[in-house]
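Working notes for the structure below.
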Amino acid sequence: MERKWWHDSVVYQIYPRSFKDSNGDGVGDLVGIIEKLDYLKELGIDVIWLSPIYDSPNDDNGYDIRDYEAIMEEFGTMNDFDRLLARAHEHGIKIVMDLVVNHSSDEHAWFVESRKGKDNPYRDYYIWRKGNPDGTLPNNWGSIFSGPAWEHDVESDEYYLHLFSKKQPDLNWENETMRRDVYAMMKRWLDRGIDGFRMDVINLISKADGLPDGKVGEGALYGDGGEHYVNGPRVHEYLREMHDASFGQYDVLTVGEMPGATTEDAILYTNPERKEVNMVFTFEHMDLDSGPGGKWDVVPFHLAKLKENFTKWQTALHGKGWNSLYWNNHDQPRVVSRFGDDSVYRVESAKMLATLLHMLQGTPYIYQGEELGMTNVSFESIEDYEDIEIRNMWRERTALGASPAELLRSVHIKGRDNARTPMQWSAEENAGFTTGKPWLKVNPNYPEINAEAVLKDPNSIFYYYKQLIALRHQHDLMVYGDYTLLHKNHETVYAYSRHHEGETWYIYCSFDKQETKVALDHDTSDIVIGNYADRPHAGQELTLRPYEAVVYRTKA
């Protein structure tokens, strides 16, 4: 496989609203990010992925874009962005922007024009349909943010499609003029000097002809239209066209967020010869604790399923495409609370989970605060949550008689605001995030868990992440080595090996709160890294302490 700069890079995702507030208005901003570039340089990351910073009415925290070529006023100015880009590049850090083009805001100039009338040239930039003769909606699709996926427009007596919020109308990718406008906008950002795009729900842009009804699951209020728009009929055509018209002309990173993409899909999307995208975000491992009722139907996590899933992706894409590796992002709860132990063994389990992920093949993504071991938050009132997905779900399900206590428990476990509480910089008021009132409440554990504390502790999670990042930069084995699952049936240990050019690394990660044993058949005298300070050499059996991770190296 031809070597690319993003193969051994490590990406750090910043959710600007929650990262660092420089002016005391309670909202993070671009100047705040500039102030923390030295911190990120110390960690050793190569790329910053910025969640949307564009002008937006903030119905979905910036994923509803009003102007693709203006900066959200709360975040600063275009001059601030240019300064951030220049300073990041001076630090050897690249900047990847969020690209949100499945939908726009209903306040975007295109949509404002579109709803002026059926003859407006921008009408066809969006997906408009008449209702059925019997007065029902154009089809039975449900919105991903609850409710129907259609909103009525009184003036024209037609409906527009919105797979997400009603303030996020879907763009009509069948319209070639609209597509060309999108590509031109992308090129202008690339010419400004950015280093790539993370592409929001990009595999939803192509909808099936006729927008047929979806299947209605048991107990569901709406049809699952996903079968008609996830990896839709023209999506590969659109991505190749986008590649040729924009980012294919630059040496940049592209990652597509692609819910519902299988390994077979990912090979098509990421095979370099097909010229679509570099890598995809898959969601399968994020659904392992979801029951038949979906995200909010929380079920126990089983390690066997994680092994099966990671192994499938590692082996299927090896030599054919490229994996992205992540535990956390702005849409997911904190991993140490989800798959680790966020109390007694918080530090050990956070380091173990980092070891497991970073030793795999692919490009690792770290979400802000992950390197501190930040945890989920359990606000006592639904009023303390700001996320539109949480609020819409709560309104819909309480109206149907669901237990508020049970719903709140699900929000504590899976809600997106778990990831969005402000970054914990210090033990000062509001975690040093702002001198004002934070837009979202700070996690109360910030006096114990914060950046100032970890930077003073050489054994902290932060410095462990720094070691893992340095290892990836130094060893081609981590980047290009083969993957083999070991001890497949062990109930509490995830073990695998990586092999490259006569060298093999053996990775052992315990998910057990007790000591556990694993049989060995290799030398243990050369230890690459481990999350306990000491690690005696093992014989034919390895005893792993609670949430222990250790990596051994052997050479042929």
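The values are calculated or read from the model by the stated rules, or taken from the named source; none is laboratory data. Here the structure is a predicted model, which is why all the values come from computation and not from measurement. Here Cβ is always computed from backbone atoms with ideal geometry, including for glycine, and neighbour counts include all displayed protein chains.
Values for this structure:
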{"read-out": "Number of positions in the range 496-515 that are buried (at least 22 other Cβ atoms within 10 Å of the Cβ) and in a strand (DSSP E or B)", "value": "8"}
{"read-out": "Answer residue from the range 205-219, given it is touching a strand residue (DSSP E or B) at 6+ places or on another chain (Cβ under 8 Å) and either exposed (fewer than 13 other Cβ atoms within 10 Å of the Cβ) or more than 21 Å from Asn132 (Cα to Cα) (or both) and is modelled with the lowest pLDDT among those", "value": "Gly217"}
{"read-out": "Residue match in the range 126-133 (condition: small (Gly, Ala, Ser), modelled with pLDDT of 95 or more, part of a loop (DSSP other than H, G, I, E, B) and within 30 Å of Ala220 (Cβ to Cβ))", "value": "yes"}
{"read-out": "Residue satisfying condition, being at pLDDT 95 or above, under 26 Å from Ile388 (Cα atoms) and either assigned to a loop (DSSP other than H, G, I, E, B) or assigned by TED's automatic domain parsing to the domain that holds Asp331 (or both), within set Lys166, Lys116", "value": "Lys166"}
{"read-out": "Within the range 282-309, considering residues that are hydrophobic (A, V, I, L, M, F, W, C) and without any contact (Cβ under 8 Å) to a residue 60 or more places away in the chain, the one nearest to Leu408 (Cα to Cα)", "value": "Val299"}
{"read-out": "Conditions (1) out of contact with any Leu (no Cβ under 8 Å at 6 or more places or on another chain); (2) over 30 Å from Arg395 (Cα atoms); (3) in contact (Cβ under 8 Å) with a residue 24 or more places away in the chain: number failed by Ser165", "value": "(2)"}
{"read-out": "Residues that are within 14 Å of Ile95 (Cβ to Cβ) and aromatic (Phe, Trp, Tyr), drawn from the range 6-18", "value": "Trp6, Tyr12"}
{"read-out": "Checklist (1) assigned to a loop (DSSP other than H, G, I, E, B); (2) touching a helix residue (DSSP H, G or I) at 6+ places or on another chain (Cβ under 9 Å); (3) surrounded by fewer than 16 Cβ atoms within 10 Å (Cβ to Cβ) applied to Pro233, failing item", "value": "(2)"}
{"read-out": "Residue list for the range 204-261, restricted to those being touching a residue at least 60 places away in the same chain (Cβ under 8 Å), of a type in the set (Lys, Arg) and closer than 15 Å to Val182 by Cβ", "value": "Arg234"}
{"read-out": "Test: residue in the range 59-82 that is surrounded by fewer than 21 Cβ atoms within 10 Å (Cβ to Cβ) and modelled with pLDDT under 95", "value": "yes"}
{"read-out": "Single unsatisfied condition, Phe462 versus (1) in contact with an Asp or Glu (Cβ under 6 Å, 6 or more places away or on another chain); (2) of a type outside the set (D, E, K, R); (3) in a strand (DSSP E or B); (4) more than 17 Å from Gln361 (Cβ to Cβ)", "value": "(3)"}
{"read-out": "Conditions (1) at pLDDT below 95; (2) surrounded by fewer than 17 Cβ atoms within 10 Å (Cβ to Cβ): number failed by His473", "value": "(1)"}
{"read-out": "Residue within the range 431-454 that is in contact (Cβ under 8 Å) with a residue 60 or more places away in the chain, hydroxyl-bearing (Ser, Thr, Tyr) and over 30 Å from Ala304 (Cα atoms) present", "value": "yes"}
{"read-out": "Total residues in the range 169-178, condition in a loop (DSSP other than H, G, I, E, B) and under 27 Å from the mean Cα position of the chain (by Cα)", "value": "3"}
{"read-out": "Residue count, the range 307-336 (criterion: in contact with a strand residue (DSSP E or B) (Cβ under 6 Å, 6 or more places away or on another chain), under 17 Å from Val277 (Cα atoms) and assigned to a loop (DSSP other than H, G, I, E, B))", "value": "1"}
{"read-out": "Complete set of residues in the range 485-496 that are within 13 Å of Met359 (Cβ to Cβ) and within 26 Å of the chain's Cα centre (by Cα)", "value": "Leu485, Tyr494, Ala495, Tyr496"}
{"read-out": "Candidates Asp98, Asp82, Asp60, filtered to the one that is part of a loop (DSSP other than H, G, I, E, B) and in contact (Cβ under 8 Å) with a residue 60 or more places away in the chain", "value": "Asp60"}
{"read-out": "Selection count, the range 142-157, where residues are touching a His at 6+ places or on another chain (Cβ under 8 Å) and assigned to a strand (DSSP E or B)", "value": "2"}
{"read-out": "Looking only at the range 416-448, and only at residues there that are among the acidic types (Asp, Glu) and part of a loop (DSSP other than H, G, I, E, B), the one that is farthest from Asp342 (Cα to Cα)", "value": "Glu428"}
{"read-out": "Qualifying helices (runs of 4 or more DSSP H) (wholly inside the range 344-415; at least 3 residues being within 30 Å of Met279 (Cα to Cα), at pLDDT 95 or above and of a type in the set (Gly, Ala, Ser))", "value": "346-358"}
{"read-out": "Subset of the range 1-53 (residues that are over 16 Å from Glu370 (Cα atoms), in contact with a strand residue (DSSP E or B) (Cβ under 7 Å, 6 or more places away or on another chain) and either of a type in the set (A, V, I, L, M, F, W, C) or without any contact (Cβ under 8 Å) to a residue 40 or more places away in the chain (or both))", "value": "Trp6, Ile33, Ile53"}
